[in-house]
1. State which residue is modelled with the highest pLDDT when the search covers only region 455-513 and only residues that are of a type in the set (Lys, Arg) and either assigned to a loop (DSSP other than H, G, I, E, B) or not assigned by TED's automatic domain parsing to the domain that holds residue 366 (or both).
2. For residues in region 501-533 being hydrophobic (A, V, I, L, M, F, W, C) and away from the ligand (no atom under 16 Å from the Cβ), which is surrounded by the fewest Cβ atoms within 10 Å (Cβ to Cβ)?
3. Sort out which residues of region 92-118 are more than 15 Å from residue 315 (Cα to Cα), of a type in the set (A, V, I, L, M) and in contact (Cβ under 8 Å) with a residue 12 or more places away in the chain, and write them in order of number.
4. Given the conditions (1) under 27 Å from the mean Cα position of the chain (by Cα); (2) within 13 Å of the ligand (Cβ to nearest atom); (3) within 22 Å of residue 406 (Cβ to Cβ), which single one is not true for residue 321?
5. Could you list, in sequence order, all residues of region 251-294 that are closer than 30 Å to residue 239 by Cβ and polar (S, T, N, Q)?
6. Determine, yes or no, whether residue 327 is away from the ligand (no atom under 16 Å from the Cβ) and crowded, with 16+ Cβ neighbours inside 10 Å.
7. Please enumerate the residues belonging to region 335-367 that are among the acidic types (Asp, Glu) and either free of Cβ contacts under 8 Å to residues at least 24 places away in the same chain or outside the structural domain of residue 492 (by TED's automatic domain parsing) (or both).
Amino acid sequence: MKDFARLVKLMAPHWKSMLLATLLGFFTVGSGAGLLGASAFLISGAALHPPVLELMQAIVGVRFFGISRAVFRYLERYFSHDATFRLLSHIRVWFYQALEPLAPARLMEYRSGELVSRMAADVETLEQFYLRVLAPPLVALLTLFGVFAFLARFGLGPAFVFLFFFLAAAAAAPLAVRALGRGGGGLLGETRAALNTQMVDTIQGMTEIAAFNLSARQQRQVGELSEKFLGLQERAAGIRSLSSALAGLLMNLAMWSILLLAIPLVTRGDLDGIYLAVLALVTLGGFEAVLPLPMVFQHIEESLAAARRLFAVIDAKPAVPEPPAPSPKLRGYDLRVRGLSFSYAPGEPRALDGLDFALPRGGRLAVVGPSGAGKSTLVNLLLRFWDYREGSISLGGQELKAFPPEELRRHISVVTQNTYLFNASVRENLLLAKPGAGEKELLRAAREAQIHDFIQGLPRGYDTPVGERGFKLSGGQRQRLAIARALLKNSPVLLLDEATAGLDPVTGRKVMESVSRLMEGRTTVAITHDLTGLEGMDEILVMDRGRVAERGRHSELLEKGGLYRKMWELQNI
Ligand code: ADP
């Protein structure tokens, strides 16, 4: 019930267009019933051969309802879909906004395919919530009042017979269908989500699947899920057919019962015979509002399951709490870390244990160490992806916790090993760093990153699309684009996270040259396991299992003959 209320609240901003669409839905059904009634009246009346003038009213009625039904149907479709699509885009934005603060710490539990599926399929499922869950009962209720009031004018008997069968079709049939299909709606959504996840995974991992000969296994898994999905869909379709058959049965029973009741009224002279067919056909017309009701429960179940999946993602608390307002102004760019300890979860071993360093503005610090030493953890904390509890990190003398993470990140450029390039042009990918940058600025950054000539040589220069994740570029070119981005962003603090890892030594060295240019005048923390080019660093921290094992400049550390020396020798045999 809580989720239901939450979902309704989510739709609340669109209540006006929804109300309008609901009223139009009622007018459509009303016009349908009116058309049947007016036609019945006209035909019955005409059978008695009255002067045509006496039939005029009925003829106008038939014309009016015939046209109004089509017009109302069109308007109802128009407004209900307009409301639905607005709602969907509202939900998508809402979900994305809620998702963003959770990245990356809280989203690591989800496979990317799963998130895509939640974002696409579950949001789409919610489309039904208004169209198939909220609107039909309201239209049915209004129709019930309207037709009941109409029939009551001719006699309470037919009106109550209508009420009885209408309620049976509106409530009892859906409940029976619900009992049959219990759990089906939720399971259908879950299976659809699992299938989507599997498909996205399969497509993203195509190369690995082919290389390891896993296609048969993958096909079997997708096949099994499809089979299950198909089975559930068949079951849902079976229930749907049963429900419409049941509603049809009740509708016809209502009509016959009203006829059986009304015929004695006519023979007794209490009812003009001309109205007999009118009563029967208006009853039939009114039932149009009932037909979608049996499926309401199934759609409720599906919508709620989808909503629950969305809520589950965004209800995770962001890893980093919002700082107390108002946030102070950043006063300087010297970085100090004192007694910094961190573990990813309570009880887990410390990824960082009592880290200390001070870096003046424009200073350069390298953090090296074997894998698992805690280097990336330091980056995660500096970028406020995770919150730290023990120790302190300050920038310009102020604790990082005092700033909203986005504000802080405006002052920090990051070049990581896995530069993400969007499936857009080179220009658009560069402008990401500074959307308002002019052409001159863009070219200067690209030249400094030594990528300008390469871009110029591309078929469409800066407007060449880079392909998904930049697959049309080599690793070195991607890194240079990342450096150009950082140059463009021009922020005073620079984080390099294995910026040259994965590149061959020659390319790596060349990229390093561009990186050196980037470091000029910036407070830099460089994480690396490659020990080349560290001579220019002001201090090197050699980390091992979360602790600083050694510290000093390159030459001092070599002389010491400790871990650094060992790593150096290993890399330079
Ligand atoms: P490095 O970057 O030096 O290779 P990391 O900072 O990635 O080391 O890892 C330090 C320790 O923290 C490792 O023991 C690693 O298993 C653990 N760790 C890293 N990331 C996570 C995470 N997201 N959740 C839990 N533990 C993690």
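1. Step by step, filter region 455-513, then rank; the result is 460.
2. The extreme case among them is 506.
3. Within region 92-118, 116 is the sole residue that qualifies.
4. Result: residue 321 fails condition (2) only.
5. Hits for region 251-294 are 252, 257, 283.
6. no
7. 348
Conditions (1) over 50 Å from the mean Cα position of the chain (by Cα); (2) among the polar types (S, T, N, Q); (3) not assigned by TED's automatic domain parsing to the domain that holds residue 132, marked per residue:
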{"site": "239", "(1), (2), (3)": "no, no, no"}
{"site": "257", "(1), (2), (3)": "yes, yes, no"}
{"site": "272", "(1), (2), (3)": "yes, no, no"}
{"site": "292", "(1), (2), (3)": "no, no, no"}
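The values are calculated or read from the model by the stated rules, or taken from the named source; none is laboratory data. Source: prediction; values computed, not measured. No Cβ is skipped: glycine too gets one built from the backbone with ideal geometry, and neighbour counts run over all protein chains shown.
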